[in-house]
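A.B. asks: Take a look at this one; I'll ask things after.
The values are calculated or read from the model by the stated rules, or taken from the named source; none is laboratory data. Remember, it's a predicted structure, so these values are computed and weren't measured experimentally. Positions of Cβ are generated from backbone atoms using ideal geometry, with glycine treated the same way; all protein chains shown enter the neighbour counts. For the accessible areas, the whole protein counts, side chains as well, though only heavy atoms, and no ligand, DNA or RNA atoms are used. Shrake-Rupley method; radii C 1.70, N 1.55, O 1.52, S 1.80 Å.
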Amino acid sequence: MSQIFVNILVSVISAGILALLSFVGTKLCAFIDSKVKDTKGNALLKQATTVVLNAVRATFQTYVESLKNSGSFDGEAQLKALNQAKDTALSQLTTEVKDYITSNFGDLNSWITTQIESSINLLKNS
């Protein structure tokens, strides 16, 4: 009986986290809109941000959630989740977006890592 309750609780919490990720993504895109005046750059940043947030969502849903349910989400698993989200995001970004980020923000990998960690931080503090 208690296992059923735990499974229901984990499902509810997971749904809430995914909803918060969507909310954070919307707010982040609105923030980008208010700060970036270049229309093309704005569109490229929105695309990049959406790709990163989707990578975080996918990683959470397919990898992190199952490890948290089993109680085995440790530091090594966190690093693996970060790298998995980063690889997913990198594979989905267009060359144009990658070039824009590199020319405006420097290292692409650092930018993606920062965006992933920022998304997770906003999620934890919401």
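A.B. asks: Name the residues in region 103-118 that are loosely packed, with under 12 Cβ neighbours inside 10 Å and among the small types (Gly, Ala, Ser), would you?
C.D. replies: Residues satisfying the conditions are Ser103, Gly106, Ser110.
A.B. asks: Between Gln92, Gln78, which is open to solvent by 60 Å² or more (accessible area, probe 1.4 Å) and under 28 Å from Thr39 (Cα atoms)?
C.D. replies: Gln92
A.B. asks: Touching a helix residue (DSSP H, G or I) at 6+ places or on another chain (Cβ under 7 Å), open to solvent by less than 70 Å² (accessible area, probe 1.4 Å) and modelled with pLDDT of 80 or more: which single residue out of Val64, Val56, Val10, Val24 fits that description?
C.D. replies: Val56
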